[in-house]
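The values are calculated or read from the model by the stated rules, or taken from the named source; none is laboratory data. If you're wondering where the values come from, they're calculated on a predicted model, not measured in any experiment. Methodologically, a virtual Cβ is constructed for each residue, glycine included, from the backbone with ideal geometry; neighbour enumeration extends over all protein chains shown.
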Amino acid sequence: MSAVNDLHLLQNDLSDGVFTIRFNRPEKKNALNLAMYRALTECLCKADEDAAVRVVVIAGSDGCFTSGNDLTDFMTAPPTGSDSPVMAFLHAISTFRKPIVAAVTGSAVGVGVTMLLHCDLVYAAAGALFHLPFVNLGLCPEAGSTLLFPRLMGHQRAAELLLLGESFSAEKAHSVGIVNAVVADGELLVTAREKALQLAAQPAAAVRLSKALLKRDYESPLQGTIMEEGKEFMARLKSPEAAEALQAFMERRKPDFSRFS
């Protein structure tokens, strides 16, 4: 499989059936911009069709998974429909037929957390920190998280994470089911690679079928939820609350939502 050339995305070579994608924008804490979303989508679409790829690993660079959307990039060219780069990526990862293993180190923010719901195995370094600040920014959750989080952990714990928007530890991510296991920071990539190789050694067709059956009861409502969340998210980007949150972020102050009902 040929590499996708993009300055913002480092893709390791395919090895032993395992195809590794690593975010590589450390100067911006691996914030995802439009170019990265396009490259990620291309990687996943090619990997899904390439018979040599049996497993995909998604990882960050040293010390950071991803800080989520690049807010400046996102507000300058916000998504406007289902064909936008972010929506294309969410469709690609949520419908990906082969197993995905995620290795989370450092910060995982926003879509950096919700994309994990579409991975099959997730391992986190002990020092990893998770954050879902959608409501804090005057927005709403995305990536099907309003369906998958309650299904995974129950309404109350999902509401705690999504409505309060507080940071939480790798141990908490493990306790609510987002993460399979928490490992020492120095063992993260080795662990993810070992699990990926185990998957790659399994019968590929049986693995794909089993993954499809695991998702069978929620696959249809998931795609509908992703689209509905996306529509509301795009509308919220134009809201006074989102404008106040972005302005406060730029001015490095706490937003004041008291005048909005």
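When Leu199, Leu188 are checked against the criterion of being crowded, with 17+ Cβ neighbours inside 10 Å and over 12 Å from Leu121 (Cβ atoms), a single residue qualifies: Leu188.
Counting only strands (runs of 3 or more DSSP E) wholly contained in the range 5-103, the ones carrying 2 or more residues that are of a type in the set (A, V, I, L, M) and in contact (Cβ under 8 Å) with a residue 60 or more places away in the chain occupy 55-59. Just to be sure I understand the filter: pairs with C-beta atoms under 8 Å, separated by 6 or more residues or on different chains, first member in the range 125-138 and buried (at least 19 other Cβ atoms within 10 Å of the Cβ), second member of a type in the set (Lys, Arg). Which pairs pass? If the second residue must be of a type in the set (Lys, Arg), the pairs left are Phe130/Lys172; Gly138/Arg236.
Among the residues making up the range 63-94, those that are among the polar types (S, T, N, Q) and either touching a Lys or Arg at 6+ places or on another chain (Cβ under 7 Å) or buried (at least 17 other Cβ atoms within 10 Å of the Cβ) (or both) are Thr66, Ser67, Asn69, Ser84, Ser94. Taken over the range 237-261, the residue count meeting the criterion of being under 16 Å from Phe74 (Cα atoms), assigned to a loop (DSSP other than H, G, I, E, B) and of a type outside the set (A, V, I, L, M) is 2.
Kindly provide the set of residues from the range 168-221 that are basic (Lys, Arg) and touching a residue at least 12 places away in the same chain (Cβ under 8 Å), ordered by number.
Within the range 168-221, Lys172, Arg193, Lys195, Arg208, Lys211 qualify.
Conditions tested, residue by residue: (1) farther than 19 Å from Cys119 by Cα; (2) of a type outside the set (Ser, Thr, Tyr).
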| position | (1), (2) |
| --- | --- |
| Ser167 | yes, no |
| Glu171 | no, yes |
| Val176 | no, yes |
| Ala181 | no, yes |
| Gly186 | yes, yes |
| Gln202 | no, yes |
| Ser210 | no, no |
| Asp217 | no, yes |
| Gly230 | yes, yes |
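What are the residues in the range 76-133 that are at pLDDT below 95 and either out of contact with any helix residue (DSSP H, G or I) (no Cβ under 9 Å at 6 or more places or on another chain) or of a type in the set (Phe, Trp, Tyr) (or both), if any? Correct list: Thr76, Asp83.
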